[in-house]
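Reviewing the structure listed below.
The values are calculated or read from the model by the stated rules, or taken from the named source; none is laboratory data. This structure is a prediction, so every number in the text was calculated from the model and none was measured. Neighbour counts run over all protein chains shown; Cβ positions are idealised from the backbone, glycine included. Ligands, DNA and RNA are excluded from the accessible area calculation, which covers all protein heavy atoms including side chains. Shrake-Rupley method; radii C 1.70, N 1.55, O 1.52, S 1.80 Å.
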Amino acid sequence: MPRTEELETSRIIEFQVPLPVDVDAFQVGHRYTVAEVSKQETGGGEGVEIVVNEPAEASLAADQPEQKCQYTHKVIYLKTKVPAFIQVLAPSGSLEVHEKCWNAHPDIGTLYSNPYMKDAFFIKITTVNKPGNADIENVHNLTGQRLAKRELDKIDIVNDSIDPADYKEEYDPKKYDHGALNENWQESSPTMMTSYKLVQVKFKWFGLQTKVEDVIIRGIRRLLVNFFRQLYCTQHTWRSLTMSDIRALEVQVKTELDETRDEGEVQGMVEE
């Protein structure tokens with residue numbers, strides 16, 4: 001995985017996502033939810049193609065040795081899933097994003113790129129999952145200018161507002177039949193972990209850089225809120241699964257995505 005220090009970055013945001021889940025169980029829940037969301041976002045010529053999903057070894061930080069991980073390479077096809085002004089400006093065939101992910105639980109590194117924009121665009125997300133309620137000040141060990149540039153954004157899966165178009169009652173933690181959460185859930189939950197996601201964004205396009213970077217950050221936050229609400233509210237499904245079950249599910253989902261990507265209507269989140 002490319003070193004954070006080697007990448008010129010315009011924006012650095014650390015999203016902190018507290019969850020009433022233990023870190024070990026999160027590994028299964030996270031990969032289960034990734035698979036389910038991939039299906040929900042695929043159809044009508046858009047969505048996810050899984051190119052590679054295999055064991056690997058990688059170093060996720062400059063001060064870390066290589067470690068075993070699960071490497072995935074996906075292509076995400078976008079048309080209506082970007083704002084209208086980008087749809088108008090983007091050349092035909094350029095609206096696809098390549099996602100390369102190194103999942104070495106509890107740490108995850110993810111890099112997004114676009115073949116058309118090459119070095120002018122990337123999103124890098126470095127994830128550290130730790131016990132506790134967002135109580136580690138600098139979990140990513142940032143220093144100097146990068147630490148000064150970092151913006152903090154704590155996500156609350158219960159109380160944060162959600163786009164009406166995204167709302168699904170079955171993924172509302174306040175209405176979850178197997179453990180509904182109230183507005184004071186962070187004070188009352190006996191088990192807590194936090195997913196710390198350091199997001200680094202670069203988009204160089206004269207006249208559009210700031211506007212598009214703002215759109216990207218808002219989109220990532222929207223995705224995270226929806227993703228973790230769904231993860232929490234599907235525990236009754238994934239809690240009993242093993243990692244062998246998850247690997248079998250991922251193989252099945254790859255086949256389903258290949259069969260359904262070009263069928264039916266566009267699924268999931270879209271942009272106006």
Q.
What's the number of the only condition in (1) open to solvent by less than 70 Å² (accessible area, probe 1.4 Å); (2) in contact (Cβ under 8 Å) with a residue 24 or more places away in the chain that Leu223 fails to meet?
A. (1)
**Q.** Sole exception among (1) within 30 Å of Gln186 (Cα to Cα); (2) crowded, with 17+ Cβ neighbours inside 10 Å; (3) at pLDDT 95 or above for Arg11, by number
**A.** (3)
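Being charged (D, E, K, R), surrounded by 15 or more Cβ atoms within 10 Å (Cβ to Cβ) and either modelled with pLDDT of 95 or more or under 20 Å from the mean Cα position of the chain (by Cα) (or both) narrows it down to one residue among Glu213, Glu169, Glu183; which is it? Give the derivation first.
Working: Glu169 fails: surrounded by 15 or more Cβ atoms within 10 Å (Cβ to Cβ); Glu183 fails: surrounded by 15 or more Cβ atoms within 10 Å (Cβ to Cβ).
None of the other options fit; the residue is Glu213.
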Q) For Lys124, are the conditions met, namely being open to solvent by less than 20 Å² (accessible area, probe 1.4 Å) and either among the charged types (D, E, K, R) or touching a strand residue (DSSP E or B) at 6+ places or on another chain (Cβ under 6 Å) (or both)? A) yes
Q) Consider Asp160 against the criteria (1) of a type outside the set (Phe, Trp, Tyr); (2) open to solvent by 40 Å² or more (accessible area, probe 1.4 Å); (3) part of a loop (DSSP other than H, G, I, E, B): it satisfies all of them except one. Which criterion is unmet? A) (2)
Q) Restricting attention to region 127-139, and to residues there that are open to solvent by less than 40 Å² (accessible area, probe 1.4 Å) and under 17 Å from the mean Cα position of the chain (by Cα), which single residue is nearest to Asn53 (Cα to Cα)? A) Thr127
Q | Condition broken by Ser195, with the remaining ones in (1) open to solvent by less than 30 Å² (accessible area, probe 1.4 Å); (2) in a helix (DSSP H, G or I); (3) of a type outside the set (A, V, I, L, M, F, W, C) satisfied | A | (2)
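Could you check region 42-72 and list, in sequence order, the residues that are under 24 Å from Asp258 (Cα atoms), free of Cβ contacts under 8 Å to residues at least 40 places away in the same chain and exposed (fewer than 15 other Cβ atoms within 10 Å of the Cβ)?
Step one: list which residues in region 42-72 are under 24 Å from Asp258 (Cα atoms), which gives 42-56, 70-72.
Now narrow it down to the ones that are free of Cβ contacts under 8 Å to residues at least 40 places away in the same chain: 51-52, 54-55, 70-72.
Val51, Val52, Glu54, Pro55 - these are the residues of region 42-72 that are under 24 Å from Asp258 (Cα atoms), free of Cβ contacts under 8 Å to residues at least 40 places away in the same chain and exposed (fewer than 15 other Cβ atoms within 10 Å of the Cβ).
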Q: Would you please list the contacts, defined by Cβ atoms under 9 Å and residues six or more apart or on different chains, that run from a residue in region 109-133 that is closer than 22 Å to Asp156 by Cβ to a residue that is open to solvent by 30 Å² or more (accessible area, probe 1.4 Å) and among the aromatic types (Phe, Trp, Tyr)?
A: Ile125/Tyr112
Q.
Restricting to region 144-155, name every residue that is under 26 Å from Val37 (Cα atoms) and loosely packed, with under 15 Cβ neighbours inside 10 Å.
A. Leu152, Lys154
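Can you say whether Phe206 is exposed (fewer than 13 other Cβ atoms within 10 Å of the Cβ), out of contact with any Pro (no Cβ under 9 Å at 6 or more places or on another chain), among the hydrophobic types (A, V, I, L, M, F, W, C) and under 28 Å from Phe122 (Cα atoms), as far as the supplied structure shows?
Values: exposed (fewer than 13 other Cβ atoms within 10 Å of the Cβ): yes; out of contact with any Pro (no Cβ under 9 Å at 6 or more places or on another chain): yes; among the hydrophobic types (A, V, I, L, M, F, W, C): yes; under 28 Å from Phe122 (Cα atoms): yes.
Yes, satisfied.
For region 38-76, name all the residues that are small (Gly, Ala, Ser) and assigned to a loop (DSSP other than H, G, I, E, B).
First, the residues of region 38-76 that are small (Gly, Ala, Ser): 38, 43-45, 47, 56, 58-59, 61-62.
Selection gives Gly44, Gly45, Ser59, Ala61, Ala62.
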Q. Give me the pairs: first residue in region 166-186 and closer than 13 Å to Tyr232 by Cα, second residue polar (S, T, N, Q) and surrounded by 13 or more Cβ atoms within 10 Å (Cβ to Cβ), beta-carbon distance under 6 Å, and six or more apart or on different chains, which are they?
A. Tyr171/Gln230
